[in-house]
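This report refers to the structure that appears directly beneath it.
The values are calculated or read from the model by the stated rules, or taken from the named source; none is laboratory data. Everything numeric here is computed off the predicted structure, so don't read it as measured data. Note that each Cβ is placed from the backbone with ideal geometry, even for glycine, and that neighbours are counted across all protein chains shown. To get the accessible areas, we keep the full protein, side chains included, count just its heavy atoms, and leave off ligands, DNA and RNA. Shrake-Rupley method; radii C 1.70, N 1.55, O 1.52, S 1.80 Å.
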Amino acid sequence: MDNENKDVLSLEEKEKEQRQKTFNGMTAREWTINSRSVWNDLSSVRKKKHLNHGATYPEKLCDRVICMYSKEKDIVLDPFLGTGTTVISAINNGRYGIGIELSPEYFDIASAEIQNSYTLLNTTTFQLYNGDCEDMIDRIEDGTVQLTLTSPPYADLIHKVVDDRENRHKKSAFVYENNATTKVYSDSENDLGNMSMDVYKEKVVRIMQKLYRKTKPGGYNVWVVKDFRDVKNKIPYVDLHSAIAECGAKAGFVYHDLIIWDQNEQRSLVLLGYPSVFYVNQNHSFIVVLRRPK
């Protein structure tokens with residue numbers, strides 16, 4: 001065997017050894033590449049399901065988070081399933097997916113999307129539940145979930161956005177240039193999207209407490225959220241990502257990391273507060289990484 005082939009074999013053996021050693025199956029190089037704290041390369045074409053829901057994240061984001069914080073055959077949970085992106089990504093990356101969705105409409109959409117994406121080549125399965133995640137989480141065995149990955153409703157912000165879009169900014173750049181399609185998901189009193197912020201945080205703490213019990217020691221709990229403004233109620237900045245982290249801490253999780261999802265290249269700038277009050281465009285989201293201590 002010549003030296004070049006020996007070097008290739010040596011590299012392959014080294015990477016195989018690293019994959020066996022790491023909890024997520026990554027090599028040292030992959031580990032380093034994925035350690036960026038700001039992500040600006042997650043753009044993707046919006047599919048029909050994104051327009052149906054209006055508040056989804058790209059599968060590329062799910063793929064990255066799932067590969068960073070879990071390994072093949074692990075269980076990945078999404079308690080706010082929406083149109084099913086998390087479970088689809090989990091299955092495609094060789095993980096077992098569990099999804100919970102309150103809305104019967106979106107549960108049907110997610111079920112169809114997941115079934116349509118499932119092939120004989122997939123090596124893992126999935127389980128879906130229709131109902132309030134605070135109740136449905138109890139059906140999962142304690143200490144089995146390696147990763148929760150989700151994007152929850154933002155309290156009653158949706159109602160304010162819809163009202164603003166329909167009554168004040170029907171022709172705004174926010175609506176037309178940024179494809180703002182957010183809509184109220186349900187009329188259920190159990191829907192986080194129908195709650196005041198105080199009631200919202202109380203329920204999130206209860207959900208976090210149940211997620212803590214279901215999470216493996218050393219497992220992760222990742223929430224993708226966006227801070228927002230409630231100018232109508234004279235609250236110029238609502239620090240939602242910190243509130244989510246605080247709710248997780250009350251349940252026992254450690255605030256492990258924070259990743260910024262930069263969306264400036266995908267969204268147009270909108271003139272805000274002109275000419276009297278200057279506001280920046282909030283064209284980024286936060287990926288809040290919580291972890292259950294070992």
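Across segment 126-133, in residue order, what do the Karplus-derived ³J(HN,Hα) couplings come to in whole Hz, using 6.51 cos²θ - 1.76 cosθ + 1.60 with θ = phi - 60° and x for Gly and Pro?
Along segment 126-133, the couplings run 8, 9, 10, 10, 9, x, 5, 4 Hz.
What is the distance, in nm, between label points placed 7 Å from the Cα along the Cα-to-Cβ direction at ASP138 and at GLN18?
It works out to 4.6 nm between the two label points.
Can you tell me the convex hull volume per residue for segment 231-294, based on C-alpha atoms, in Å³ to the nearest whole number?
Spelled out: Cα convex hull of segment 231-294, divided by residues, is 96 Å³.
Provide the per-residue ³J(HN,Hα) series for segment 219-224, in order, calculated from phi with Karplus coefficients 6.51, -1.76, 1.60 and θ = phi - 60°, each as a whole number of Hz, with x at glycine and proline positions.
x, 10, 9, 10, 10, 9
Size of the dipole of segment 229-294 about the Cα centre, Lys and Arg at +1 and Asp and Glu at -1 on the beta carbon, nothing else charged, in debye to 20?
Computed charge dipole of segment 229-294: roughly 260 debye.
Hey, rough spin-label estimate for ALA249 and LEU120, points 7 angstrom out along Cα→Cβ, what's it come to in nanometres?
Reported label-point gap for ALA249 and LEU120 is 5.3 nm.
For ASP74, which sequence-distant residues (separation of 5 or more, or a different chain) have an amide H within less than 5 Å of its own amide H, given hydrogens modelled in the peptide plane?
Those lying under 5 Å, H to H, from ASP74 are TYR96.
Got a sec to turn the phi values of segment 236-246 into Karplus ³J(HN,Hα) couplings, 6.51 cos²θ - 1.76 cosθ + 1.60 with θ = phi - 60°, whole Hz, x for Gly and Pro?
Result, ordered by residue: x, 8, 9, 7, 5, 5, 5, 4, 5, 4, 5 Hz.
To the nearest 10 Å², what's ASP198's accessible area with a 1.4 Å probe?
ASP198 has an accessible surface of roughly 110 Å² with all protein chains in place.
Under 5 Å between amide H atoms, partner at least 5 residues away or on a different chain: which partners does HIS284 have, H built in plane at 1.01 Å?
Amide H to amide H, under 5 Å and 5 or more residues apart or across chains, HIS284 pairs with GLN263.
Hey, can you grab everything whose amide H is under 5 Å from the amide H of ARG229? Only 5+ residues off in sequence or another chain; H modelled, so Pro and N-termini drop out.
VAL238
So how exposed is TYR237, as accessible area in Å² (1.4 Å probe, rounded to 10)?
100 Å²
My understanding is that a pair violates if its Cα-Cα distance is over 25 Å; which of LYS60/LYS226; LYS73/LYS250; LYS14/LYS73; LYS71/LYS210; LYS73/LYS226 do that in this structure?
The answer is LYS73/LYS250; LYS73/LYS226.
Which whole-angstrom value gives the distance between the alpha carbon centres of segment 140-156 and segment 185-211?
13 Å
Given THR215, VAL225, LEU269, which one lies farthest toward the positive end of the charge dipole of segment 211-284, if we put +1 on the Cβ of every Lys and Arg and -1 on the Cβ of every Asp and Glu?
With unit charges placed on the Cβ atoms, the residue in question is THR215.
So what does GLU15 come to for accessible area, using a 1.4 Å probe and Å² rounded to 10?
Probe radius 1.4 Å; accessible area of GLU15 about 70 Å².
Within segment 229-265, which trypsin sites (Lys or Arg not before Pro) sit in a loop by DSSP and count at most 10 neighbouring Cβ atoms inside 10 Å?
LYS234
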